[in-house]
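Novice: Below are the structure tokens for one structure; questions will follow.
The values are calculated or read from the model by the stated rules, or taken from the named source; none is laboratory data. All values reported here derive from a predicted model rather than from experimental measurement. For neighbour counting, all protein chains shown are included, and Cβ atoms are generated from backbone atoms with ideal geometry for every residue, glycine included. Ligands, DNA and RNA are excluded from the accessible area calculation, which covers all protein heavy atoms including side chains. Shrake-Rupley method; radii C 1.70, N 1.55, O 1.52, S 1.80 Å.
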Amino acid sequence: MTPVATILAVAIVALVVAMVLATYRLIKGPTALDRAVSIDVFSASIVGVVAILIIFQNRYDLAALMIVFALTAFFSTVTVSRFTGVGMSRRPGHRIVPPQVRGDADEPALVGDPDAAQIVGQDEAAQTTGDVGGADPSQSEGTA
């Protein structure tokens, strides 16, 4: 066995171990984000295995499969991260304030729960969180 073949065999074993661990995290993961990361690791491992098969068997026609799978995995990761983000808003000058910060929640909100947050403007967010972007004219002393 050549040194290149030995290195590729060790790489395949490492990728298979990563796939097994990612599958465990997919099944056991307590949150949706854990599962999303495990799917990302699993798909990256599959891309690695296909790349090694391309080298091992001189099958360069599999490169298209590898590229399509990598793009699909990338777009699925971006989609999951976009819909599980908290504290962001697509409107400039606005952000999402969870109910715990607003003070109107009896129990903690679930991360990524769209019903648990309210989009507020900059002025409302400053009042809600206690952030003051500038001096309040009614509170200033000695100026008219």
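Novice: In nm, to one decimal, how far is the modelled label at LEU26 from the one at ILE7, with both set 7 Å along Cα→Cβ?
Specialist: With each label placed 7 Å out from Cα toward Cβ, I get 3.0 nm.
Novice: What are the ³J(HN,Hα) couplings of the range 7-14, residue after residue, when phi is run through the Karplus curve with 6.51, -1.76, 1.60 and θ = phi - 60°? Round to Hz, x for glycine and proline.
Specialist: With the stated coefficients, the range 7-14 comes to 5, 5, 5, 5, 5, 5, 4, 5 Hz.
Novice: Here's something else I'd like to know. Probe 1.4 Å, all protein chains in place: accessible area of THR79 in Å², nearest 10?
Specialist: Roughly 70 Å² of THR79 is accessible to a 1.4 Å probe.
Novice: Would you mind classifying the range 12-51 by shape? Square roots of the alpha carbon gyration tensor eigenvalues, ordered a ≥ b ≥ c; an a/c under 1.5 is rounded, otherwise it is prolate if a/b is larger than b/c and oblate if not.
Specialist: Cα axes put the range 12-51 in the oblate bin.
Novice: Of VAL37, VAL49, VAL78, which has the most accessible area and how do the rest follow, probe 1.4 Å?
Specialist: VAL37, VAL78, VAL49
Novice: I'd like the accessible area for TYR24, computed on protein heavy atoms only with a 1.4 Å probe and all protein chains in place. Round to 10 Å², please.
Specialist: 130
Novice: What FRET efficiency do you get for ALA63 and VAL17 if R0 is 22 Å and r is their Cβ-Cβ distance, rounded to the nearest 0.05?
Specialist: Efficiency computed from Cβ-Cβ geometry: 0.35.
Novice: Right, another one. Arrange the residues THR2, THR77 by how much accessible surface each exposes, largest first, with a 1.4 angstrom probe.
Specialist: Largest accessible area first, the list is THR2, THR77.
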